Amino acid sequence: MTSTDLKTLRVLCIHGYRQNAEAFKGKIGSFRKIFKNKNVEFVFLNAPHEVPPIDTDGQNVTEEIPDQRGWWFCSEDKKFSGKTFCEKGIGFEESLNLVEETFKTQGPFDGLLGFSQGATLTALLAAHSQNNPNSSIKFRFAILVAGFKSRCEAHGIYYKQKITYPTLQVMGETDNVIPREMSEELAECFENPTVLKHSGGHYVPATGQQKPVYIEFVKKFYNDD
């Protein structure tokens with residue numbers, strides 16, 4: 001795949017919980033290098049909600065990443081875990097509105113790249129777009145890494161029918177944060193997802209094993225308008 005005569009694909013990147021746009025950009029440097037000189041532009045979005053620097057046990061969290069952010073919480077006291085069942089996602093509507101506005105002001109985007117909570121949000125955005133023809137959120141593909149089916153009861157409406165957006169769903173065999181089984185559960189919500197499993201944990205893999213899978217998936221969308 002060369003850049004000759006290829007359109008530029010614009011990909012909106014949606015970070016994980018306790019990350020931010022700049023931190024996510026740094027963490028996926030190796031992934032971005034895979035698409036160097038391949039006409040892919042990555043745009044990074046900050047979640048609207050600040051995450052308190054206190055974990056669920058009341059202990060101070062090591063501030064490896066300043067300005068930690070999230071897309072929604074499981075409770076009013078701003079706590080979140082992908083494994084926690086809850087009635088509604090606190091702050092989810094603000095995140096949905098932010099993405100709608102981002103598509104209006106910075107779009108169009110060809111694809112979405114989401115990690116962890118960001119991958120779960122990406123799936124919800126795909127379902128929202130599919131069910132709302134007037135939504136500004138329109139794209140052609142998504143890459144979901146370490147995603148999971150939301151445990152928020154209010155999000156159940158998004159999973160009532162199969163999501164038809166083309167997706168590449170990446171999951172780690174030794175991911176202790178979001179176990180592979182949780183990512184497999186999310187993949188089952190989509191029609192014909194491409195699934196990539198790797199031997200590692202909770203991160204975006206970008207070795208020689210994954211590189212051809214990423215390129216093969218993305219290249220289908222250069223000329224598919």
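Things to note:
- Any hit, the range 83-106, residues being among the small types (G, A, S), modelled with pLDDT under 95 and crowded, with 16+ Cβ neighbours inside 10 Å: yes
- Here L125 meets the list (1) surrounded by fewer than 16 Cβ atoms within 10 Å (Cβ to Cβ); (2) under 29 Å from V213 (Cα atoms); (3) aliphatic (A, V, I, L, M) almost entirely, failing just condition (1).
- Filter result for F80 (in contact with a Phe, Trp or Tyr (Cβ under 9 Å, 6 or more places away or on another chain), of a type outside the set (S, T, N, Q), at pLDDT 95 or above and assigned to a loop (DSSP other than H, G, I, E, B)): no
- Looking at A154, A126, just one residue is assigned to a helix (DSSP H, G or I), touching a strand residue (DSSP E or B) at 6+ places or on another chain (Cβ under 9 Å) and at pLDDT below 95, and that residue is A154.
- When the residues of the range 185-204 are filtered to those that are in a loop (DSSP other than H, G, I, E, B) and free of Cβ contacts under 8 Å to residues at least 60 places away in the same chain, the one that is surrounded by the most Cβ atoms within 10 Å (Cβ to Cβ) is P193.
- Filter result for E216 (farther than 20 Å from T122 by Cα, touching a helix residue (DSSP H, G or I) at 6+ places or on another chain (Cβ under 7 Å) and without any contact (Cβ under 8 Å) to a residue 60 or more places away in the chain): no
- I143 being within 16 Å of the chain's Cα centre (by Cα), among the β-branched types (V, I, T) and in a loop (DSSP other than H, G, I, E, B): no
- Count of residues meeting criterion [under 25 Å from C152 (Cβ atoms), modelled with pLDDT under 90 and not in a loop (DSSP other than H, G, I, E, B)] in the range 14-72: 1
- Unmet requirement for I215, which otherwise passes all of (1) assigned to a helix (DSSP H, G or I); (2) buried (at least 16 other Cβ atoms within 10 Å of the Cβ): (2)
- Boolean, F141 is of a type in the set (F, W, Y) and under 27 Å from V213 (Cα atoms): yes
- Considering residues of the range 88-109 that are touching a residue at least 12 places away in the same chain (Cβ under 8 Å) and either among the hydroxyl-bearing types (S, T, Y) or in a loop (DSSP other than H, G, I, E, B) (or both) only, the residue farthest from Y222 (Cα to Cα): K88
- Single residue of the range 142-151 satisfying the filter (of a type outside the set (A, V, I, L, M) and buried (at least 22 other Cβ atoms within 10 Å of the Cβ)) that is farthest from K197 (Cα to Cα): S150
- Selected residue (criterion: farthest from R32 (Cα to Cα)) from residues of the range 113-138 that are aliphatic (A, V, I, L, M) and over 8 Å from the mean Cα position of the chain (by Cα): A127
This table checks each residue for (1) modelled with pLDDT under 95; (2) out of contact with any strand residue (DSSP E or B) (no Cβ under 8 Å at 6 or more places or on another chain); (3) under 18 Å from G111 (Cα atoms).
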{"residue": "Y165", "(1), (2), (3)": "no, no, yes"}
{"residue": "Q169", "(1), (2), (3)": "no, no, yes"}
{"residue": "E173", "(1), (2), (3)": "no, no, no"}
{"residue": "E181", "(1), (2), (3)": "no, yes, no"}
{"residue": "A187", "(1), (2), (3)": "no, no, yes"}
{"residue": "V195", "(1), (2), (3)": "no, no, yes"}
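The values are calculated or read from the model by the stated rules, or taken from the named source; none is laboratory data. Just so we're clear, the structure is a prediction, and the values are computed from it rather than from any experiment. Glycine also receives a Cβ, built like all others from the backbone with ideal geometry; neighbour counts cover every protein chain displayed.
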